[in-house]
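The values are calculated or read from the model by the stated rules, or taken from the named source; none is laboratory data. This one's a predicted model, so the numbers in the text were calculated from it and none came from an experiment. Here the Cβ positions follow ideal geometry from the backbone for every residue, glycine too, while neighbour counts run over all protein chains shown. Ligands, DNA and RNA are stripped out before the accessible areas are found, and what is left, the full protein with its side chains, is counted by its heavy atoms. Shrake-Rupley method; radii C 1.70, N 1.55, O 1.52, S 1.80 Å.
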Amino acid sequence: MPVTAVSFRMSRLASPGGNMNNAIELGDEDCGHLARILLASRRVNLRHNFFSWVHGPVQSLIPHEILLCGIADEGGYLLHQRFTACRYFKDDHYHRVIHPADGLIHQLTHEWGAKREPRLIAALTDDPDGWHRRLLDLELKNLAFHGLCRVDGQMWGYASFSRLRVPFDARLALFMELLLPHLLVTLARVLANEARTRSLGDRHAGLITAREAEVLAWVRDGKTNEEIAAILGLSMLTVKNHLRHAMQKLVVRTRGQAVARAIALGFLRAQSSRRPE
């Protein structure tokens, strides 16, 4: 089924001619790009997926080299992220851009808060406000910035595209408005997955003791409780207690299940590194 052309009225953005009610038409091709971007985002769960998404499908509507974005945590602190393959944009540039006191993002956030509209800075050489020199110094060249608010009016997140290769007009502003909510939700899913992975890792880190892991390693190698006791210089009762505690912590019922679970969680290698006797 063909995609129907969609008309969006940009009542808040002036066109180059100054018409505040300029209507932006999205034809079949643009609607197709938009649909592919949204559908592809469903497969984005990890950071490298997000990078491939913004440097793949998203490029069809907002061709760029550098994406800086961020989401506020529960305390309102912006968690900045960068997704770029531009070799000119170094760590020093990034840290200067996100500096909390006088960084570029801080300034743009303040300016955006006054109108809540996309901030498009083509940074032409005759720019009287000095944007050209500043963005050139930061290796950004140009910039399209937009934010999203929480229900209390505070900023929830932002996206800043740089080194764009499209006209800086109402059409670009429309694409920013359409894509930003979806981009931030997708980023939030990636960050939530990373936080959950770290939490699981922290929980598992102290799950079993070094001695319990050692006993399980000998079980993996086919040793009996009696043999393990002799190897480690422990009593049979102590070996049994270590196994019982490990099985309780790993929530399993048998020695074999305990070994398999320990391997799955990274406590044991699948195969012994010991030389065969």
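Some points to look at:
- Considering residues of the range 78-96 that are free of Cβ contacts under 8 Å to residues at least 24 places away in the same chain and assigned to a strand (DSSP E or B) only, the residue surrounded by the most Cβ atoms within 10 Å (Cβ to Cβ): THR84
- Among the residues listed as VAL151, VAL166, the single one being under 30 Å from LEU26 (Cα atoms), open to solvent by less than 50 Å² (accessible area, probe 1.4 Å) and not hydroxyl-bearing (Ser, Thr, Tyr): VAL166
- Residue match in the range 56-74 (condition: within 21 Å of LEU148 (Cα to Cα), out of contact with any helix residue (DSSP H, G or I) (no Cβ under 8 Å at 6 or more places or on another chain) and modelled with pLDDT under 90): yes
- For the range 22-42, a tally of residues being buried (at least 16 other Cβ atoms within 10 Å of the Cβ) and among the aliphatic types (A, V, I, L, M) returns 5.
- Subset of the range 97-116 [open to solvent by 40 Å² or more (accessible area, probe 1.4 Å) and either part of a loop (DSSP other than H, G, I, E, B) or at pLDDT 95 or above (or both)]: HIS99, PRO100, ALA101, ASP102, ARG116
- Unmet requirement for ASN49, which otherwise passes all of (1) at pLDDT 95 or above; (2) assigned to a helix (DSSP H, G or I): (1)
- Only listed residue being open to solvent by 40 Å² or more (accessible area, probe 1.4 Å) and of a type in the set (S, T, N, Q), chosen from SER160, SER235: SER235
- When the criteria are applied in full, LEU178 meets the requirement of being aliphatic (A, V, I, L, M) and closer than 28 Å to TRP131 by Cβ.
- Pairs meeting the criteria (first residue in the range 116-137 and touching a residue at least 24 places away in the same chain (Cβ under 8 Å) and under 22 Å from MET176 (Cα atoms), second residue surrounded by 10 or more Cβ atoms within 10 Å (Cβ to Cβ) and among the polar types (S, T, N, Q), beta carbons under 6 Å, at least 6 apart or on different chains) are ALA122/ASN142.
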